[in-house]
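Each reported figure results from applying straightforward, stated rules to the coordinates on display, with no laboratory input. Every value quoted in this text rests on a predicted model; they were computed, and no experiment measured them. Note: ideal-geometry Cβ built from the backbone for every residue, glycine included; neighbour counts use all protein chains shown.
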Amino acid sequence: MAAAARDRAAIFAALGDETRLLLIAKLCSGQPHSISELTLDSKLTRQAITKHLRVLQRAGIVHGVRAGREKRFEFDPEPMQEIKQYLDIVSEQWDQALARLKSFVED
């Protein structure tokens, strides 16, 4: 249970940055991208992009694959699906709590 909470926290922390969200949006195309490709149309350096990719990798959201001399990065949707399931559970709990509150107030 604690490990799952730690994993979710790492994903939420990784998603809590505008640059990383933009990188994920680029990687969601389904095609792997090199750091050079991810740097295009960005004011960030390759080193800055690399640091953000490391955070996303540690959270399990992206993974790198060697392709010759360069590393290409791909989006991994599985952690996001797990987060969606978690948020669905939390949403249901909130709905139940609000229903109980409404019932209490109306009685």
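Ordering of 94-106, 53-65 by packing is 53-65, 94-106, highest average first (other Cβ atoms within 10 Å, averaged per residue).
Just so you know, the Cα atoms of segment 1-106 work out to an Rg and Dmax of 18.0, 67 Å. The relative contact order of segment 2-76 comes to 35 percent, based on Cα pairs under 8 Å that sit 6 or more residues apart.
State to the nearest 20 debye the size of the charge dipole of segment 2-76 about its Cα centre, where the only charges are +1 on K and R beta carbons and -1 on D and E beta carbons. Using Cβ point charges on Lys, Arg, Asp and Glu, segment 2-76 gives about 280 debye. The aspartates and glutamates whose alpha-carbon is closer than 18 Å to the alpha-carbon of Lys43, local same-chain residues fewer than 8 away aside, are Asp17, Glu18.
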